There are 2 protein chains.
Amino acid sequence: MKYQKIPEATIRRLSRYSRCLEEMEQGGEKVVSSAQLASKCMVNPAQVRKDLAYFGEFGIRGVGYYVKDLLASIKKVLGLNKEWRMAVIGIGNLGSALLSYKDFLKQNYKIVAAFDIDPQKVIGRVSEKLGKPVEILHISRIKEVAKERKIEIALITTPPSEAQSVANLLVEAGIRGILNFAPTQITVPEGFVVKDVFFTNILDNLAYLLSSS
Amino acid sequence: MKYQKIPEATIRRLSRYSRCLEEMEQGGEKVVSSAQLASKCMVNPAQVRKDLAYFGEFGIRGVGYYVKDLLASIKKVLGLNKEWRMAVIGIGNLGSALLSYKDFLKQNYKIVAAFDIDPQKVIGRVSEKLGKPVEILHISRIKEVAKERKIEIALITTPPSEAQSVANLLVEAGIRGILNFAPTQITVPEGFVVKDVFFTNILDNLAYLLSSS
DNA sequence: AAAATTTTGTGAAAGGAGTCACATAATTGA
DNA sequence: TCAATTATGTGACTCCTTTCACAAAATTTT
């Protein structure tokens, strides 16, 4: 297959496929067809095949795909064949919830640091869960700690008013990936990546669908 | 303008516009051009005009859009000119964080009930915040309480293993909108709407962008 | 061993979404 | 009052995404 730019939408679906395949592997299934995977992920079978074809020929005609191999290939494509080290900035309710969010661990995302403006206030709150406790550090130490602990991704869970200045600190600290939970638009220089997780925007979407049907 | 189906993407952007316009209104701005709104929301100005044109002619040529009127129009289109009553199912770390999530209130989303399998274990944990405390009820009462409190949207924050059976209960209770935080695919009958919020999927996306640049 | 069956990989067609460019309308200034 | 300016609304174009449909390859059946 000729080289083509991989669509954003394909990348999003790959991570859905990955999750489905994990469940299948868990369930002991060895082989899966594009039709089966498609129905489990609620997409068109041709879509599945086309998505996979961007990266190579993983299937066997007349048979399907080997679950284990396909999963490994997808993870490699997505850059999930390594552990990603993350920090949480802003240890309020949401921040502490994320500190003990079990699904991150399962998926090779590891929180290795937590920051707040007031480390005193919140200390001890997050500690007891999940084996090794995460100590809460003052935000001023981010640059130093980012280097030391090889942090590549930060989750911003501060109030919206602080989000941009936190983002600036992250940029300065060389943390290239940001998952922004603070409901406000933040901007970063070229080379840095921000993904927003705005609960209310998703709710707006839901509200629209509900009120227009 | 002729009738057209409104693209999903347009709906998503409308809620971005809505948030930007709120900030502008707060800042005392009376009039805004498509170019200004576009730059604030990081989209193309023609895109803004086209998105708005789906619903009517809100602007004045040579002038722009009245912030207040436009905001009201967008909110009406999105179905946000009412209060949406919600329940949270599964009061673990994430569930409790959402119970006291301040941005919901600002945006006319109100949590009016909280459910868990074990209401004893978690009681009191969520109470003190934000004025009126939310009492945690046993999940078995969902059908009764949904009717009584006119619940239209449920947030699923249970472990993934329980998500589908919770969804079944919600369907039975006539709750048509579901925001699913449990990292597993759930299915509901025609007429019901599920929106997924999978943190790890978004992280996967981020990881891909980071590792391929 | 040949025919029937299954299921992939992909070119081509269809469908959606985003951008451009300009006619149109309102305002401002001389 | 008329020209210059500003900024909308939208047809046409381009680009991206999805779906269709079928040849190619592997397996199973007879």
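The values are calculated or read from the model by the stated rules, or taken from the named source; none is laboratory data. These numbers were taken from a predicted model, which means no experiment stands behind them. Backbone-built Cβ (ideal geometry, glycine too); neighbour counts: all protein chains shown. Just so you know, the surface numbers come from the protein's heavy atoms only, side chains and all, with ligands and any DNA or RNA stripped out. Shrake-Rupley method; radii C 1.70, N 1.55, O 1.52, S 1.80 Å.
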- Normalized C-alpha radius of gyration of chain B, against 2.2 N^0.38 Å? 1.18
- Query: So which trypsin sites (Lys or Arg not before Pro) in region B:35-102 end up in coil per DSSP with only 15 or fewer other C-beta atoms within 10 Å?
  - Reply: B:61, B:82
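Kindly compute the accessible surface that chains B and A hide from a 1.4 Å probe when together, both sides summed, and give it to the nearest 100 Å².
Looking at B and A, the buried total is near 5400 Å².
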- residue A:138 accessible area, 1.4 Å probe, all protein chains in place, Å² to nearest 10: 70 Å²
- Relative to the Cα centre, what is the charge dipole magnitude of region B:84-201, using +1 at the beta carbon of each Lys and Arg, -1 at the beta carbon of each Asp and Glu, and rounding to the nearest 20 debye? 440 debye
- Message: Using a probe radius of 1.4 Å on heavy atoms only, what accessible surface per residue do you get for region B:8-77? Whole Å² is fine.
- Response: 55 Å²
- Expressed as a percent, the accessible surface of region A:8-78 that is carbon or sulfur, using a 1.4 Å probe and the full set of protein chains, is 50 percent
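Quick check: at a probe of 1.4 Å, how many percent of the accessible area of region A:84-201 sits on carbon and sulfur atoms?
Summing carbon and sulfur atoms, their accessible area is 53 percent of the total for region A:84-201.
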- Top of B:154, B:46, B:173 by mean-square fluctuation, Gaussian network on chain B, Cα under 10 Å: B:46
- Query: Residue-wise, which Karplus ³J(HN,Hα) couplings in Hz belong to region B:60-75, taking 6.51 cos²θ - 1.76 cosθ + 1.60, θ = phi - 60°, and x for glycine or proline?
  - Reply: 10, 4, x, 10, x, 10, 6, 3, 5, 5, 4, 4, 4, 5, 4, 4
- Looking at region B:86-109, residues buried by 20 Å² or more relative to their chain on its own, accessible surface at probe 1.4 Å, turn out to be B:93, B:94, B:97, B:101, B:103, B:104, B:109
- Accessible area (Å², per residue) of region A:84-201, counting only protein heavy atoms and a probe of 1.4 Å: 43 Å²
- Area accessible to solvent at residue B:178, 1.4 Å probe radius, in Å²: 0 Å²
- Cβ-derived FRET efficiency at R0 35 Å, residue B:168 paired with residue A:25, nearest 0.05: 0.85
- Task: Enter the angle in degrees (range 0 to 90, nearest 10) between the Cα long axis of helix B:8-26 and the first principal axis of the Cα atoms of chain B, meaning the one along which they spread out most.
- Result: 80 degrees
- Message: Taking the Cα centre as origin and putting +1 on Lys and Arg beta-carbons and -1 on Asp and Glu beta-carbons, what dipole magnitude results for region A:1-93, to the nearest 20 debye?
- Response: 280 debye
- Ranked by GNM mean-square fluctuation in chain B (Cα springs under 10 Å), the top entry among B:47, B:26, B:120 is B:26
